[in-house]
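The values are calculated or read from the model by the stated rules, or taken from the named source; none is laboratory data. The structure presented is a predicted model; accordingly, all values stated were derived computationally and were not measured. Note: ideal-geometry Cβ built from the backbone for every residue, glycine included; neighbour counts use all protein chains shown. The area values use the complete protein model at the heavy-atom level, side chains included, leaving out ligands, DNA and RNA. Shrake-Rupley method; radii C 1.70, N 1.55, O 1.52, S 1.80 Å.
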Amino acid sequence: MLELRSITAGYDRRTPAVQNASLTLAPGEAVGLLGPSGCGKSTLAKVAALLHRPDAGTLTLDGTPVRHWRHRAPRALRTAFGVVFQQPRLSADPRLTLADLIAEPLRATGRRAEAPDRVAELASTVGLTPDLLTRRPHEVSDGQLQRACLARALVLRPRWLICDEMTAMLDASTTAALVAVVEAYRTETGAALLAVGHDRTLLDRWCDRTVHWDTVAAPGAPTAKASQQNF
Ligand code: ADP
Ligand code: ADP
């Protein structure tokens with residue numbers, strides 16, 4: 001179980017991007033998070049993916065509070081999460097190919113030896129031809145790059161998938177293809193999904209339940225002292 005309770009988070013403490021937000025994701029469950037642009041969904045998604053330290057609230061994973069944050073939570077916990085954003089933030093090294101990008105999490109966790117097999121397998125799963133794998137991000141389409149980002153998110157076989165506006169820049173057929181890849185992965189592995197978006201039709205079709213931001217975050221309510229956690 002992934003539980004976020006009364007989370008406040010942001011980029012400067014005086015104007016939190018997220019205030020008093022609570023969200024629970026059960027193992028295997030698919031939850032859609034809907035809300036207008038700028039309300040704080042991406043920030044909360046990064047907190048949920050252990051990529052952004054909250055300023056207040058509690059975050060527990062299978063009943064254990066997540067501790068020892070720097071900017072992010074410890075890598076050993078983060079490897080259980082696969083994250084896809086609307087727009088990939090690419091590696092500083094422009095020489096990296098799509099195959100390198102997909103393999104990055106394996107390299108980062110000392111599992112480089114698995115890369116050739118895993119990259120080939122995932123490329124086929126997400127619909128990237130061997131030729132595309134040798135290209136650099138600026139040499140492929142948005143859709144092809146997003147396929148690679150989804151492959152990268154799946155490479156460590158995460159139990160928790162966070163898709164933040166994954167398909168917002170994509171056409172209908174690429175959207176359908178990537179949603180199908182996520183669904184096949186979840187069927188195979190039982191992974192849970194948090195899908196952030198603004199398209200209710202897509203989220204309702206894709207997820208077990210869709211929650212609106214207004215029910216997730218309650219800016220007016222004070223954060224309960226009892227739920228304060230020292231991050
Ligand atoms: P959403 O995903 O719902 O569009 P965000 O979480 O991206 O919302 O943004 C919430 C607020 O935080 C916005 O006011 C946005 O401008 C601000 N914000 C988002 N990312 C950053 C950042 N890296 N630095 C400073 N402010 C940010
Ligand atoms: P923060 O303000 O918390 O630093 P960032 O936007 O830097 O928020 O995101 C935190 C982490 O999330 C980054 O260090 C990176 O690992 C990951 N991240 C954020 N946006 C992207 C993106 N578009 N593509 C890939 N990784 C991203």
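A compact table of results
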item: Filtered residue count, the stretch 207-231, keeping only those that are assigned to a loop (DSSP other than H, G, I, E, B), polar (S, T, N, Q) and at pLDDT 95 or above; result: 0
item: Scope the stretch 92-122; condition buried (at least 18 other Cβ atoms within 10 Å of the Cβ) and of a type in the set (A, V, I, L, M, F, W, C); matching residues; result: 98, 99, 101, 102, 103, 106, 115, 119, 122
item: Any hit, the stretch 23-36, residues being surrounded by 20 or more Cβ atoms within 10 Å (Cβ to Cβ) and without any contact (Cβ under 8 Å) to a residue 60 or more places away in the chain; result: no
item: Evaluation of residue 5 against (1) open to solvent by less than 80 Å² (accessible area, probe 1.4 Å); (2) in contact (Cβ under 8 Å) with a residue 24 or more places away in the chain (one fails), failing number; result: (1)
item: Candidates 107, 118, filtered to the one that is more than 15 Å from residue 137 (Cα to Cα), free of Cβ contacts under 8 Å to residues at least 12 places away in the same chain and part of a helix (DSSP H, G or I); result: 107
item: Residue identified as in contact with a Ser or Thr (Cβ under 8 Å, 6 or more places away or on another chain), polar (S, T, N, Q) and over 25 Å from residue 183 (Cβ atoms) among 64, 58, 79; result: 58
